[in-house]
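The values are calculated or read from the model by the stated rules, or taken from the named source; none is laboratory data. Just so you know, these numbers come straight off a predicted model, no measurement behind them. Cβ placement follows ideal geometry from the backbone for every residue including glycine, while neighbour counts extend to all protein chains displayed.
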Amino acid sequence: MSRRLCALLTAAVLPLLSTTVITGQAQADDHGPEVCAYHADQAGFAGDALIEAIAVGMTESDCRPDATHRNPNGQLDQGVYMIGAANGEVNPCYLNPSCNSEVAHDMYKAQGDSWLPKWKASYGTARYQRWLPVARQAAEPYLEPRIGRVGVLSGTTLLVKEGTLWEQWLNQRGDVARFEIDGNRIGVLTTGGEVLVKEGDLYAQWVPQLGGVKDFHLAGNRIGVLRTDGSLAVKEGTLWASWTEQTKGVVDFDLTPNRIGAVFGDGNASVKEGSLWDGWINQLPGAKGIELAGNRIGVLRQNGTLAVKDGTPYAYWTEQSGDVADFDLTPTRVGIVHSGGLLRVKDGDLYAGWVDQLEQAVDVELSGNRVGVRQSHGAFQVKEGTLWASWTNQAPSTSQGDLTHRR
């Protein structure tokens, strides 16, 4: 959800008052320190402030997105950070962890990068102090500096650069069929069907993960692999963590730090939210592909239409476009490539207008304020900033490109 939409929805915020310390009332599984870590990081909290944000969220609501508490004065505190609505009514923004975290971040900045006075009932209390060790652990995957990486596959050779769009390439390895970059992790699927992942700088060593694989994804401290037999397995934690089998008959999948989405052979798309052992929730029939980003779920149907929802897995779908050949999502952007090669991106809520980008597009990649596109003649181009920024050509002949953004 965009900050513009959040701004519209936050008009009812009560002037900075202390909130009541409560435990969230929701029974959903999509809560806990990992939820706060992901959304606080996306909202802009970094370093010690990210750790504090997780501890404050746990103190306020156990990081439950749909927690509510009504104060004696009628104010209704809502969501992860118990943002108060002076009119006492439910505010959809506050019950969306992405939007709630963005509002909290704006209030934190308005108070001079301080949690006081708004969260004086939570910040620094004994309960807050007890949550700090848990918060540090949850924040760990996000504490590495995000300096921005761009990777391209030229033939079977993976090249990666980090920093600005004009940095030099560093050769990673030469037997790569496809790759993915996420945070300080880089993963490859070799031409022999084995997944390897490295963590840290670009000179880190590769750690073998699993063989017999046809696709994989990285998200936070999760690694997911789709085997050639259609079975899906995911691990969470270090590169040496154990695998947890998820399901079978999968043709496409994606994951985030707290969600897994799968498209099955019969065309049904399903999502699970929370732990690796939670149950699947049916989403849409007739699906071809699925993408997840923050609270967003996007499904590309077999007829080329794209639908996206923003919120819980039970939220309503918003139709985006037809004639879609490829797409990607972030918590604030949607990018599509039409079958004729036109790349279009929207920035903001799901009802925002499309902005034409360029022609001859084949694949689109989005991360933060970066847009990447591979064109039919093989060039991979990236822009950084607004949707009207200029393109920077990265490599002339590629079969895949991927990127992360700079913080």
Practice task
Identify the single condition in (1) free of Cβ contacts under 8 Å to residues at least 40 places away in the same chain; (2) assigned to a helix (DSSP H, G or I) that residue 139 does not satisfy, given that it satisfies every other one.
Solution key: (1)
Fill in the blank from the handout: Going through segment 370-390 in order, the residues found to be surrounded by fewer than 18 Cβ atoms within 10 Å (Cβ to Cβ) and within 24 Å of the chain's Cα centre (by Cα) are 385, 386, 387, 388, 389
Handout entry: Flag if residue 237 is surrounded by fewer than 19 Cβ atoms within 10 Å (Cβ to Cβ), over 22 Å from residue 312 (Cβ atoms) and within 18 Å of the chain's Cα centre (by Cα)
Key = yes
Fill in the blank from the handout: When (1) closer than 27 Å to residue 221 by Cβ; (2) crowded, with 20+ Cβ neighbours inside 10 Å; (3) modelled with pLDDT under 90 are applied to residue 27, the one that fails is (2)
Fill in the blank from the handout: Of those in segment 90-105 that are part of a loop (DSSP other than H, G, I, E, B) and of a type outside the set (Phe, Trp, Tyr), the residue surrounded by the fewest Cβ atoms within 10 Å (Cβ to Cβ) is 90
Handout entry: Selection within segment 33-63 - under 17 Å from the mean Cα position of the chain (by Cα), assigned to a loop (DSSP other than H, G, I, E, B) and modelled with pLDDT under 90
Key = 44, 46
Exercise for the section: Could you tell me which residue of segment 252-275 is surrounded by the most Cβ atoms within 10 Å (Cβ to Cβ), considering only residues that are over 14 Å from residue 289 (Cβ atoms), of a type outside the set (D, E, K, R) and touching a residue at least 40 places away in the same chain (Cβ under 8 Å)? Expected result: 258
Completion exercise
Residue pairs within 9 Å by beta carbon, gap of at least six or interchain, first lying in segment 279-298 and within 15 Å of residue 316 (Cα to Cα), second of a type in the set (Phe, Trp, Tyr) and not in a loop (DSSP other than H, G, I, E, B), listed first then second, are 298/327
Problem - Of residues in segment 135-162 being surrounded by fewer than 16 Cβ atoms within 10 Å (Cβ to Cβ) and at pLDDT 90 or above, the one farthest from residue 50 (Cα to Cα) - result: 155
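How about segment 75-89: which of its residues are assigned to a loop (DSSP other than H, G, I, E, B) and among the acidic types (Asp, Glu)?
Within segment 75-89, just 89 meets the criteria.
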Practice task
Out of 199, 162, report the one residue that is assigned by TED's automatic domain parsing to the domain that holds residue 257, farther than 19 Å from residue 368 by Cα and in contact (Cβ under 8 Å) with a residue 12 or more places away in the chain.
Solution key: 199
